[in-house]
Amino acid sequence: MIPKQSYGRQGPVVKEKDHAIVEGIDLPGHWNRMFDTRVLTDYDTGTLEEVTSLPGGESLGWCYQCGKCVGVCPVDIVGDYGPRKIHRDVLRGGSLLEDPNLWLCTTCQNCFRVCPKEVDMLQIMPAAREAAINAGKAIPPELQKVFEATDRYGNPLGENPRKRADWVKGAGVPVPVMAQLKRPVDVLWYVGSYPSYHPRGIDAARALARIFHALEVDFAILGVEEREDGDSIRLAGEKGLAEKLAEANVKTFAKYRFNRLVVFGPHEYNAF
Ligand code: SF4
Ligand code: SF4
């Protein structure tokens with residue numbers, strides 16, 4: 001038996017056989033370490049399985065800690081984050097469903113772009129967040145406020161739904177509303193919550209209305225009938241609310257006749 005070697009203060013326990021016969025060749029113990037079971041680290045795999053067992057959460061288990069995602073994660077730039085850290089934390093027995101880091105990922109998918117193992121946070125995070133919400137885990141108060149405002153008022157800003165089309169007053173051009181127009185249009189423009197309420201979004205909405213006029217587009221909006229598209233709500237884990245919003249909007253779309261639906265941003269595009 002070769003004596004155990006000392007590796008400073010972290011010396012591992014190395015199991016070795018005296019020798020092994022492989023295809024007639026007698027190998028001394030020094031060469032056959034892999035013929036005996038070695039436990040390098042005794043992991044509790046339960047917290048990883050808590051995520052990988054979720055539909056959409058599987059790919060977290062594919063991470064092999066290469067670190068390529070670290071430099072591209074926008075959250076890592078302002079803190080210590082990224083799929084690599086999430087994976088490492090659950091490997092160490094931390095529950096992602098109870099970790100404040102669960103709510104930090106912006107689901108930008110930048111990490112997926114560089115990941116050799118296709119670990120997909122755009123799937124993992126909504127699935128884990130939904131599981132956390134369903135299990136009654138703590139969620140950030142500001143996010144809870146957004147969920148409640150969206151459910152109650154149909155927009156995440158908590159603004160009055162009756163004022164959803166107030167922005168049209170300063171557009172400088174007529175902005176027809178479907179319910180008042182009472183005829184089919186070529187373009188139904190889904191404006192969205194932020195362009196309807198947020199000052200910077202309103203500027204963009206008014207600019208697009210003027211562009212439609214300059215191009216002589218036959219368009220109209222839903223006005224007060226429009227609801228939040230719900231894509232960000234889905235990514236934040238409130239799938240039930242996202243589905244409720246989608247159903248309400250689709251029901252409203254079905255009331256009118258139009259050739260094309262035009263949306264302002266990627267979230268609306270994803271939702272519809
Ligand atoms: S790039 Fe992919 S495999 Fe590499 S550490 Fe990040 S998530 Fe893991
Ligand atoms: S998807 Fe999440 S973890 Fe990946 S780069 Fe974007 S913020 Fe970072």
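The values are calculated or read from the model by the stated rules, or taken from the named source; none is laboratory data. The model shown is predicted, which means the values in this text are computed figures rather than measured ones. So basically every Cβ, Gly included, is an ideal-geometry build from the backbone, and we count neighbours across all protein chains shown.
Given the options Pro141, Pro176, Pro156, Pro161, name the one that is out of contact with any Pro (no Cβ under 8 Å at 6 or more places or on another chain) and more than 19 Å from Gly230 (Cα to Cα).
Every option except Pro176 fails the conditions.
Counting only residues that are among the polar types (S, T, N, Q) and buried (at least 16 other Cβ atoms within 10 Å of the Cβ), which one in segment 59-116 is farthest from Ala138 (Cα to Cα)?
Here the answer is Asn110.
Determine which member of the set Gly56, Gly67, Gly93 is among the small types (Gly, Ala, Ser), within 16 Å of ligand 1 (Cβ to nearest atom), over 20 Å from Asp229 (Cα atoms) and at pLDDT below 95.
Gly67
Does Glu118 satisfy being within 16 Å of ligand 1 (Cβ to nearest atom), under 23 Å from the mean Cα position of the chain (by Cα), within 30 Å of Tyr64 (Cα to Cα) and among the acidic types (Asp, Glu)?
Against the criterion (within 16 Å of ligand 1 (Cβ to nearest atom), under 23 Å from the mean Cα position of the chain (by Cα), within 30 Å of Tyr64 (Cα to Cα) and among the acidic types (Asp, Glu)), Glu118 qualifies.
Restricting to segment 237-272, name every residue that is surrounded by 17 or more Cβ atoms within 10 Å (Cβ to Cβ), part of a loop (DSSP other than H, G, I, E, B) and modelled with pLDDT under 95.
Phe264
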